[in-house]
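The block underneath contains the structure these notes are about, expressed in structure tokens.
The values are calculated or read from the model by the stated rules, or taken from the named source; none is laboratory data. In this text the structure is predicted, and so the values were computed from the model without any measurement. A quick note on method: Cβ atoms are made from the backbone with ideal geometry, for glycine too, and the neighbour counts reach across all protein chains shown.
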Amino acid sequence: MSLLPISAVVITKNEAANIQRCISALQQVVSEVLVVDAYSIDDTVAIAEQMGATLIQKKWIGYGVNKNLGNQIATYDWVLSIDADEVLSDELIQSLQQLALQQHQVYAINRLVNYMGQWVYHSGWYPDWKVRLFNKTAIQWEEHALVHEELIIPANKRIVRLKGALYHYSYKSEEDHWNKIEQYAQLAALQMAQRNRRANLLKLYAAPIARFFKTFLLKKGFMDGKLGWKISCRNAYLVYRKYQILRTIEQTGNGKNTETQGHGV
């Protein structure tokens with residue numbers, strides 16, 4: 001089957017452990033794989049080039065900025081935005097191969113997280129629909145959000161959900177999970193400070209409790225067993241930590257902008 005007139009844009013920083021399987025799946029569907037690398041110091045660049053990807057390097061500025069740069073350089077108007085730790089499933093590859101692209105549509109993909117070898121089907125992590133295939137002439141990434149970057153999608157665009165999962169190999173180890181929690185807490189606190197959000201004692205202590213019950217009960221974390229309990233507890237800690245950091249920012253007047261890795265949440 002012929003490849004689609006689509007450019008896959010992948011942002012990277014030190015993704016040698018993930019980039020090969022990411023590119024390998026994409027090459028079954030798209031006509032171009034473009035890697036925007038934030039000066040990796042591992043083998044990310046070498047692996048991407050060996051696999052035939054187009055590669056550019058750009059200092060890490062932010063998710064939205066680096067992704068938009070990739071979109072601007074991409075050969076084709078249709079862009080498939082993928083993170084380096086994500087892989088197209090066989091069913092999703094088939095859905096894309098059979099897709100007739102429509103100008104008035106954008107296409108959403110359902111991410112499925114793999115946590116240290118275990119798939120997470122609840123806990124607020126699944127289903128996780130994200131618009132990832134779009135025409136760059138009308139759509140771009142919002143550049144000011146520090147976390148959870150979003151596409152700016154015109155109201156006249158219809159969102160179509162594609163069959164098949166986007167496998168998200170997001171957590172390799174316990175240390176990796178804790179590092180991501182700290183990273184996201186830092187960025188979320190800085191973003192809240194920029195938006196003049198406040199961290200009173202009620203939010204500091206009540207919000208984490210509310211997040212635990214939301215994850216474990218409302219989002220059915222209990223159906224993920226011990227892992228669901230772990231995710232619920234750590235989600236609660238993340239909320240506590242971001243408000244704790246926000247209080248520090250308020251007291252000192254300084255925010256610490258932590259440089260993040262070049263892949264999405």
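Yes or no: Ser95 at negative phi and among the polar types (S, T, N, Q)?
Working: at negative phi: yes; among the polar types (S, T, N, Q): yes.
So Ser95 fits the description; yes.
I'm told Asn235 meets every condition in (1) crowded, with 20+ Cβ neighbours inside 10 Å; (2) at pLDDT below 95; (3) in a helix (DSSP H, G or I) except one. Can you identify the failing condition by its number?
The single condition Asn235 does not satisfy is (2).
Counting only residues that are out of contact with any helix residue (DSSP H, G or I) (no Cβ under 6 Å at 6 or more places or on another chain), surrounded by 14 or more Cβ atoms within 10 Å (Cβ to Cβ), outside any strand (DSSP E or B) and not hydroxyl-bearing (Ser, Thr, Tyr), how many does the stretch 90-145 have?
11
Inspect the stretch 56-63 for any residue being touching a Leu at 6+ places or on another chain (Cβ under 6 Å) and either within 21 Å of Tyr169 (Cα to Cα) or in a helix (DSSP H, G or I) (or both) and give the result as yes or no.
Looking for residues that are touching a Leu at 6+ places or on another chain (Cβ under 6 Å) and either within 21 Å of Tyr169 (Cα to Cα) or in a helix (DSSP H, G or I) (or both), one finds none in the stretch 56-63, hence no.
May I ask you to say which residue of Asn200, Asn179 is farther than 21 Å from Gly64 by Cα and under 19 Å from the mean Cα position of the chain (by Cα)? Let's see the steps before the verdict.
Details: Asn200 fails: under 19 Å from the mean Cα position of the chain (by Cα).
The conditions single out Asn179.
Looking only at the stretch 64-82, filter to residues that are part of a helix (DSSP H, G or I) and either polar (S, T, N, Q) or free of Cβ contacts under 8 Å to residues at least 60 places away in the same chain (or both); which one of those is farthest from Trp141 (Cα to Cα)? Reasoning before the result, please.
Taking the stretch 64-82 and keeping what is part of a helix (DSSP H, G or I), we get 64-73.
Those still in the list that are either polar (S, T, N, Q) or free of Cβ contacts under 8 Å to residues at least 60 places away in the same chain (or both) too: 66, 68-69, 71-73.
On the way: Asn66: 9, Asn68: 6, Leu69: 10, Asn71: 9, Gln72: 11, Ile73: 14 Å.
So the residue we want is Ile73.
Would you call Tyr171 surrounded by 17 or more Cβ atoms within 10 Å (Cβ to Cβ) and either more than 17 Å from the chain's Cα centre (by Cα) or at pLDDT below 95 (or both)?
On the way: surrounded by 17 or more Cβ atoms within 10 Å (Cβ to Cβ): yes; either more than 17 Å from the chain's Cα centre (by Cα) or at pLDDT below 95 (or both): yes.
Yes: the conditions hold for Tyr171.
Looking at (1) within 23 Å of Glu86 (Cα to Cα); (2) among the aliphatic types (A, V, I, L, M); (3) free of Cβ contacts under 8 Å to residues at least 12 places away in the same chain, which one does Leu217 not meet, given that it meets all the others?
(1)
I'm checking my understanding of the structure. Among residues of the stretch 39-55 that are aliphatic (A, V, I, L, M) and in a loop (DSSP other than H, G, I, E, B), which one is surrounded by the fewest Cβ atoms within 10 Å (Cβ to Cβ)?
Here is the first cut: in the stretch 39-55, the ones aliphatic (A, V, I, L, M) are 41, 45-48, 51, 53, 55.
Next, only the ones that are in a loop (DSSP other than H, G, I, E, B) stay: 41, 51, 53.
Details: Ile41: 9, Met51: 17, Ala53: 22.
Out of the qualifying residues, it is Ile41.
Out of all the residues in the stretch 192-208, which are in contact with a Gly (Cβ under 9 Å, 6 or more places away or on another chain) and either at pLDDT 90 or above or among the aromatic types (Phe, Trp, Tyr) (or both)?
As a first pass, look at the stretch 192-208 and keep what is in contact with a Gly (Cβ under 9 Å, 6 or more places away or on another chain): 193-194.
Residue satisfying the conditions is Ala193 alone.
Spot the failing condition for Ile6; the list is (1) within 18 Å of the chain's Cα centre (by Cα); (2) closer than 25 Å to Leu151 by Cβ; (3) in contact (Cβ under 8 Å) with a residue 60 or more places away in the chain, and only one is missed.
(1)
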